[in-house]
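The values are calculated or read from the model by the stated rules, or taken from the named source; none is laboratory data. Since the model is a prediction, treat every value here as computed from it, not as a measurement. Positions of Cβ are backbone-derived with ideal geometry, glycine not excepted, and every protein chain shown enters the neighbour counts. Only protein heavy atoms, including side chains, enter the accessible area calculation; ligands, DNA and RNA are left aside. Shrake-Rupley method; radii C 1.70, N 1.55, O 1.52, S 1.80 Å.
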Amino acid sequence: MSDRLTIFDTTLRDGEQCPGASMDPREKMEVARQLACLNVDVIEAGFPVISDGDFASVEQIATEVKGPIIAGLARCIKKDIEAAGAAVKPAAERGRIHVFLATSKIHREHKLKKAHDEIVRLAVESVTYAKSFVQDVEFSPEDASRTEPEFLAEVTQAVIAAGATTVNIPDTVGFAVPQTYADMIRYLFDNVNNIDDAVISVHCHNDLGLAVANSLAAVQAGARQIEGTINGIGERAGNAALEEVIMAIKTRSDIFVDVHTDIDVSEIVKTSRLVSRMCSLQVQRNKAIVGENAFAHGAGIHQDGIIKKRETYEIMDPKEIGWGETELPLTKHSGRHAVALRLQALSYTLTDAEIDDIFSRFKDIGDRKKFVYDDDLAALVDDSLTTVKESYSLEYLHVSSGTTAIPTATVQLKRGEETLEDSSPGNGAVDASMKAIDRILKKRGHLVEYNVSATSGGKDALGEVSLKVDFGDGNLISGKGASTDVIEASARAYLNAVNRVSALEEQSGGIDKSAAAAEGTI
Ligand code: KIV
Ligand code: ZN
């Protein structure tokens, strides 16, 4: 009998904590729906106490996403646990509260300034309190991998006795190596009397590039829940990439004989692309499983082998995980119904009005390019549908540039009924467009990151721009835009960042995320 591993996805919580990866509520919903299609077991939807926006997002996911368990994170603080309990309530018996408290010496002495017994008491009280809201309570001793094993065992035993149904052993700073991490898990199995009453989980960060290896070693040592994110996004070097963990377990079922996952692997590529798009973080080309080059064979000798028998150079079938699933492209002659069906196949849940909106932009693009591919359509959805309030919209853009002329842009924006216009020279057409927007807004944005990619092949491909801008307070605000014209796509992306920062300014009053996460407890 092989055990089913619980796949716990924290893309929307730990993944989103990564600088510049923040998603708006609509983007979070799209990701959550796709995670349900992937058939993950648990979606950690956010940290509800952090802000009204986070709370609302967890609550909406708990209300609308059926299938997986929906978890909300909480420190060992009453108001955190209450917020998490209220946010996951709509998921009823699928609601989980995940409480955490640091246990390592360095955190105890320098961050928390608490002694052993106080940590145990707080952990037990918090699990007990969380149990008054939900049956399913997970406890994480933060920085577990740097905690003394005896103390870790004591805390684990105490929280299980208090009712924790899962105990997660985080390698918070990515310090572990496979052997030490597996030894630690084994130590717990040997020294915690009630360990069979809970699922032991692992949560690895990738600071030494070992997150996936550590997670797999822990499974061999008895862990039965793996936490990670899609594309491995997350704080610093990220979290364990779930697609890698899942495919390693499946592909090497000869080694992982005792375990399996129930993931629908044919959804992996689609999920990876959606997450990359939604949080504006490009997947590195040579990334295992989901990078563009993951199944590209350059060497002639390999190509020859693949043609004769795929398995000569491929250990996984790319089609099985969703590569090369492109349908016949749409053209300008395709009707609204065909576009709506493709959008549905791409897992977008849209209202009629939203489909109308996408369809009118599709027609416009269809006039400019021969074929509209799935990725073009996804870029349009992204560009058109954002829950970020559009304080400013692009009315008009004119750029003059050339090898001898000084690039100059004139931009017209609309704010409510008002039309605003200005021009600026710049160091290139993109720079000039952004400077013209800055002049209108009387803001100065510093472009920290700029990526342009073609959604499909061909000279008429849709250019998709994602960028990150610092408007002077050190926070990275992301923006996205798409058009067959990359200058227009850039201006749209910049404006999207402007609208995001305006929305954040309006919404201020939430707790600073990183500060609260670092605080751990009070
Ligand atoms: O890395 C970590 O320790 C965490 C915990 C909150 C589980 O993300
Ligand atoms: Zn983490």
Computed label-point distance, nm, for sites residue 417 and residue 360 using a 7 Å Cα→Cβ extension: 2.1 nm
Express in Å², to the nearest 10, the accessible area of residue 330 obtained by rolling a 1.4 Å probe over the protein heavy atoms while all chains stay in place. 20 Å²
Mind pulling the angle between the C-alpha long axis of helix 178-191 and the longest principal axis of the chain? Nearest 10 degrees, somewhere in 0 to 90. 40 degrees
Over all alpha-carbon pairs of the chain, lay out the pair-distance distribution in 10 Å bins, whole %, shortest bin first. 4, 18, 27, 24, 16, 9, 2, 0
Extension length gain for residue 442 and residue 186 (0.36 nm per residue less Cα distance), in nm, is 86.2 nm
Length-normalised contact order for the chain - Cα pairs under 8 Å, 6+ apart - percent: 12 percent
Based only on Cα atoms, what Rg/Rh ratio does the stretch 4-89 have, Rh being taken as Kirkwood's radius? 0.94
Please work out the C-alpha center-to-center distance from the stretch 176-208 to the stretch 381-456 and express it in whole Å. 51 Å
Could you check the spin-label model distance between residue 92 and residue 506? Points 7 Å from the Cα along Cα→Cβ, value in nm. 3.6 nm
How tilted is helix 486-507 with respect to the longest principal axis of the chain? Cα atoms for both, answer in degrees (0 to 90, nearest 10). 50 degrees
Contour excess over end-to-end distance, with Cα ends at residue 121 and residue 460 and 0.36 nm allotted per residue: 115.7 nm
Can you tell me the orientation of helix 25-38 relative to the chain, as the angle in degrees between its alpha-carbon axis and the longest Cα principal axis, to the nearest 10? 60 degrees
How charged is the neighbourhood of residue 321? Take every other residue with its Cβ under 9 Å from the Cβ of residue 321, and add Lys/Arg as +1 and Asp/Glu as -1. -3
Would you mind getting me the FRET efficiency between residue 132 and residue 282? Use the beta-carbon distance for r and R0 = 41 Å, nearest 0.05. 0.40
Cα point-scatterer Debye curve for the stretch 336-384, base-10 log of I(q)/I(0) at q = 0.19, 0.27, 0.31 Å⁻¹: -0.52, -1.11, -1.48
Say each of residue 292 and residue 410 gets a label point 7 Å from the Cα, pointing the same way as Cα to Cβ; how far apart are those two points in nm? 3.6 nm
In a shell of Cβ-Cβ distance under 10 Å around residue 207, excluding residue 207 itself, what net charge do Lys and Arg (+1) and Asp and Glu (-1) give? -1
How high is the FRET efficiency between residue 196 and residue 331 when r is their beta carbon distance and R₀ equals 56 Å, given to the nearest 0.05? 0.40
Just order 7-14, 317-324, 152-159, 135-142 by mean Cβ neighbour count inside 10 Å, highest at the front, would you? 7-14, 135-142, 152-159, 317-324
How much accessible area does residue 116 have with a 1.4 Å probe, in Å² rounded to the nearest 10? 80 Å²
